[in-house]
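Each reported figure results from applying straightforward, stated rules to the coordinates on display, with no laboratory input. This is a predicted model, so every value here is computed, not measured. Positions of Cβ are backbone-derived with ideal geometry, glycine not excepted, and every protein chain shown enters the neighbour counts.
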Amino acid sequence: MADRRRHLGRQGEEYAVDFLRRQGYLIAGRNVRLAQGEIDIVAREGEVLCLIEVRTRRSPRYGTPEESLTARKRQRLRALAEEYLAGLPEPPLACRIDLVAIEVGSDGSVRRCTLLRNAVEGHGFSV
Amino acid sequence: MSRASATTDRERALLAQGYRRIVGLDEVGRGCLAGPVVAAAVLFPTDLLAAPDPLPGVADSKLLAPDQRLALAEEILARVVAVGLGQATAAEIDCWGLGVASRWAMVRALRALPVPPDYLLVDYFTLPDCPCPQEGVVDGDARCFTIAAASIVAKVVRDRLCSLLDALYPGYGFAIHKGYGTPEHRAALARLGPSPVHRRSFAPVRALLAPGTGAVRRAGDG
């Protein structure tokens, strides 16, 4: 079960990377490991450094991918952003946290993919 | 064939001025189609730098044969006080541009040093917000001993990394060409398509990508 969930997560990230590229994002890193956890995707849109969380759900029965981003997870993302920024050789002009929400049907196909810019506010670096 | 070694002329002048932790910094792999840029920072003991040609043969890493380079790297690593290594990935190069990424690799190499330098010798560049005096030496990797030593270490480390990439992404020949755009590499690239470690912003790779999914070159990029 945990394996299946991880597989779904990977699939979602794969899809999100292609999706973001088509939106004009430049991908700087994937599955970036830090002391406090992992950032799914690091990218650049215009002059803004974007840290992107990908949430993938099989069906909205237990809530949408957006709803799965709980207050605690937002807090964790803010902390990850701080840690990532502190480790960069040069600070970016601006930084924000985006969310890619993906819903996958029972046949494995992507039903919906939504990009939410600045989904987690108040980490001190958003534009 | 003997080749002119890099000298410690600059280092000895700095020693005379009272500097003790003179660090050489260089980066390699800018011209490659794949893989990271790798930087090395090296710090030698002052008594070694006081000699005019402390490790004969230390010269521009690009002019050395691979086995020569390896032997020199071993000698260098046996004699240094400290080494710092840093890299910037192919994706970071695509995202922020080659100039920025090279700088990041160098800053990371400096940060990886266990002691801060009191004087920094860099090949050609200078770093922004450097906490100590620094100097971008023109032709430093050929003329200046500590920079040449850093370039040799960086080159050997990067070559090793590329051999690892060969295991992760077989078929491109990374162990042979180290990511450089040789005819064999270009042929494999055309046949297999780009791997995740190819630099999508570089023209020969970008030409193979679906429209709109490559990196777009922006004004102000290095």
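Can you sort B:LEU192, A:LEU49 by how many other beta carbons sit within 10 Å, fewest first?
The most exposed by this proxy come first: B:LEU192, A:LEU49.
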Return the long-range amide H neighbours of B:TYR180 (sequence gap of 5 or more, or a different chain), with a cut-off of under 5 Å between placed amide H atoms. B:LEU33
As a percent rounded to 5, the proportion of antiparallel DSSP bridges among beta bridges in chain B is 60 percent
Packing-based exposure ordering (other Cβ within 10 Å, fewest first) of A:CYS95, B:CYS130: B:CYS130, A:CYS95
Taking H as built 1.01 Å from N, whose amide H comes closer than 5 Å to the amide H of A:LEU34, not counting residues under 5 places away? A:ILE39
In deg cm²/dmol, rounded to 500, what helix-only [θ] at 222 nm does chain A give when every DSSP H run of at least 4 residues adds -39500 (n - 2.57) and the total is split over its residues? -10000 deg cm²/dmol
Using just the helices of chain B, give the 222 nm mean residue ellipticity in deg cm²/dmol: DSSP H runs with n ≥ 4 each add -39,500 (n - 2.57), and the total is spread over all residues, rounded to 500. -12000 deg cm²/dmol
Sort largest first and round to whole Å: the equivalent ellipsoid semi-axes of the protein assembly as shown, each the square root of five times a Cα gyration tensor eigenvalue. 42, 23, 16
With +1 on the Cβ of every Lys and Arg and -1 on the Cβ of every Asp and Glu, the dipole magnitude of the stretch A:2-116 about its Cα centre, in debye rounded to the nearest 20, is 500 debye
Which parts of the stretch A:41-71 would a label at A:GLN11 reach, counting a residue when its backbone N lies under 13 Å from a point 7 Å out along Cα-to-Cβ? A:56-59
Arrange the following residues from fewest to most other Cβ atoms within 10 Å of their Cβ: B:PHE145, B:PHE125. B:PHE125, B:PHE145
For the stretch A:1-79 and the stretch B:98-123, write down the distance between their C-alpha centroids in whole Å. 31 Å
³J(HN,Hα), Karplus 6.51/-1.76/1.60, whole Hz, each residue of the stretch B:35-45, x for Gly, Pro: x, x, 8, 10, 10, 10, 10, 10, 10, 9, x
Whole-Hz Karplus couplings 3J(HN,Hα) for the stretch B:55-66, θ = phi - 60° and coefficients 6.51, -1.76, 1.60, Gly and Pro as x, run 10, x, x, 5, 8, 3, 4, 5, 8, 9, 6, x
Using only Cα atoms, what is the ratio of the radius of gyration of the stretch A:2-116 to 2.2 N^0.38 Å? 1.05
Applied in sequence order to the stretch B:142-154, the curve 6.51 cos²θ - 1.76 cosθ + 1.60 (Karplus, θ = phi - 60°) yields integer Hz couplings, x standing for Gly and Pro, of 9, 9, 9, 3, 5, 5, 4, 4, 4, 5, 5, 4, 4
Average projection area in nm² (convex hull over Cα atoms of chain B, one quarter of hull surface): 12.6 nm²
Take the alpha carbon atoms of the stretch B:28-90, find their center, do the same for the stretch A:89-115, and report the distance between the two centers in whole angstrom. 41 Å
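Expected output is a single nm value to one decimal: the length gained when fully extending between B:VAL115 and B:ALA82, i.e. 0.36 nm times separation in residues minus the C-alpha distance. What is it?
11.1 nm
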